[in-house]
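What follows is a short report on a single structure.
The values are calculated or read from the model by the stated rules, or taken from the named source; none is laboratory data. Quick caveat: nothing in here was measured; it's all calculated off a predicted structure. Virtual Cβ from ideal backbone geometry, glycine too; neighbours counted across all protein chains shown. In case anyone asks, the SASA skips ligands and DNA or RNA and just uses the protein heavy atoms, side chains included. Shrake-Rupley method; radii C 1.70, N 1.55, O 1.52, S 1.80 Å.
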Amino acid sequence: MSILQEISANVQIGKAKIVKTLVQQALDEGISAQQILTDGMLPAMSIIGEKFKNNEVFVPEVLVAARAMNMGTAVLKPHLAGEGVQAAGKVVIGTVEGDLHDIGKNLVKMMLEGKGLEVVDLGTDVPAAKFVQTAIDENCQIICLSALLTTTMNVMADVVKAAEEAGIRDKVKIMVGGAPVTDAFCQQIGADAYTSDAASAADKAVELCAG
């Protein structure tokens, strides 16, 4: 097994310390940070994402894999910057105002990072204006909105309106998700995309950034 396959295998089973050691070892062997990321770590999160979609693994497994991925990425970050590697895109994510649920949002964030996207996480209970201002300040291509309550999902419409008022609606895609949210609701409020699970959200975000 090559060291990159070993990294991938250990990310998938969430062996964070081993991943950290292997990533450093790969760098010491002269493998570029870009290659370690592209051929070792990102494929591991894609596999986890697919398994999660198919109910072969569940939230705890995704969380430990993501933690292993994050530890590996922390070792790579300075090297990636040095090699001038650009993220595949930039996303701002958060749970809308009045809603304190964050498990779904955190899963989506991990899947997005697993696809090589840079993520600005605003946390929970985020006002519409903050999403829009962050998208402007951080130059994000996508705003990802999460809501778990029927009472808070309407705040998503406020974010779409705020983006229009700020004049960035043509530049920024708005993605929505969460238990009560549907594709029909997404279309009704004028958002760009709805996905039913975290792995699909990450796939869609990559597609939107590339588009």
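So the values come out like this:
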| item | result |
| --- | --- |
| Residue within the range 68-84 that is within 13 Å of residue 113 (Cα to Cα), small (Gly, Ala, Ser), free of Cβ contacts under 8 Å to residues at least 60 places away in the same chain and out of contact with any Gly (no Cβ under 9 Å at 6 or more places or on another chain) present | yes |
| Cross-chain or 6+ apart pairs with Cβ under 6 Å, the range 174-196 first and under 11 Å from residue 145 (Cα atoms) and open to solvent by 10 Å² or more (accessible area, probe 1.4 Å), then acidic (Asp, Glu) and not in a loop (DSSP other than H, G, I, E, B) | 194/183 |
| Test for residue 96: is it in contact with a Pro (Cβ under 9 Å, 6 or more places away or on another chain), touching a residue at least 24 places away in the same chain (Cβ under 8 Å), among the β-branched types (Val, Ile, Thr) and open to solvent by less than 10 Å² (accessible area, probe 1.4 Å) | yes |
| Lone qualifier among 184, 157, 163 - being over 19 Å from the mean Cα position of the chain (by Cα) and under 19 Å from residue 119 (Cβ atoms) | 163 |
| Check on residue 105, within 18 Å of residue 199 (Cα to Cα) and either touching an Asp or Glu at 6+ places or on another chain (Cβ under 6 Å) or without any contact (Cβ under 8 Å) to a residue 12 or more places away in the chain (or both) | no |
| Looking only at the range 17-42, and only at residues there that are open to solvent by 10 Å² or more (accessible area, probe 1.4 Å) and within 19 Å of the chain's Cα centre (by Cα), the one that is nearest to residue 65 (Cα to Cα) | 42 |
| Some residue of the range 202-211 being closer than 19 Å to residue 140 by Cβ, assigned to a helix (DSSP H, G or I), hydrophobic (A, V, I, L, M, F, W, C) and without any contact (Cβ under 8 Å) to a residue 24 or more places away in the chain | no |
